[in-house]
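The values are calculated or read from the model by the stated rules, or taken from the named source; none is laboratory data. Predicted model only: the values in this text are computed from it and were never measured. Reconstructed Cβ throughout: ideal geometry from the backbone, glycine too, with neighbour counts over all protein chains shown. Quick note on the areas: whole protein, heavy atoms, side chains included, nothing else; ligands and nucleic acids left out. Shrake-Rupley method; radii C 1.70, N 1.55, O 1.52, S 1.80 Å.
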Amino acid sequence: MRPWDITAEDDLRRLLNEWDPIGVADDVQDEYDCMLAPLLQRLRSGADRAVIGEFLRHELEDHFGHDPLGLRPDAMAARVIDW
């Protein structure tokens, strides 16, 4: 993750919207904003791919009500870590 700057949230929002696990990002650009602060906090505290992947799976199931199978939260976790 890049050091925090004014564009960190925008960059992470762009990544989440590209992933678009529930298929609404074309219409609702801020749908995944609920994950921005928790993800940034985890990244800043040194969370690894497994921790980020578990967070994304949890959000998909518990917050968005979707089965994470096929939505590839682990692949997205790798993208977030690489970012």
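A 1.4 Å probe run over the protein chains yields, for the chain, 59 Å² of accessible area per residue, whole-number rounding. Restricting the calculation to Cα atoms, the chain shows an Rg/Rh of 0.93 when the hydrodynamic-style radius is the Kirkwood one. Measuring nothing but protein heavy atoms, the accessible surface of the chain at 1.4 Å probe radius is 48 percent carbon and sulfur.
Charged side chains reduced to their Cβ positions (Lys and Arg at +1, Asp and Glu at -1) give the chain a dipole of some 420 debye around its Cα centre.
Other residues lying with their Cβ under 10 Å from the Cβ of V80 contribute a combined charge of +2, Lys and Arg counting +1, Asp and Glu -1. Note on D30 and T7: the model spin-label points, each 7 Å out from Cα along the C-beta direction, lie 2.1 nm apart.
Whenever you get a sec, line up D62, D20, D74, D82 from highest to lowest accessible area (probe 1.4 Å, protein heavy atoms).
From most accessible down to least: D82, D62, D74, D20.
If you take all other residues with their beta carbon under 13 Å from the beta carbon of I52, and give Lys and Arg +1 and Asp and Glu -1, the sum is +1. In the chain, taking the dipole from charged Cβ atoms about the Cα centre, the farthest positive-side position among Q29, L40, H58 is held by L40.
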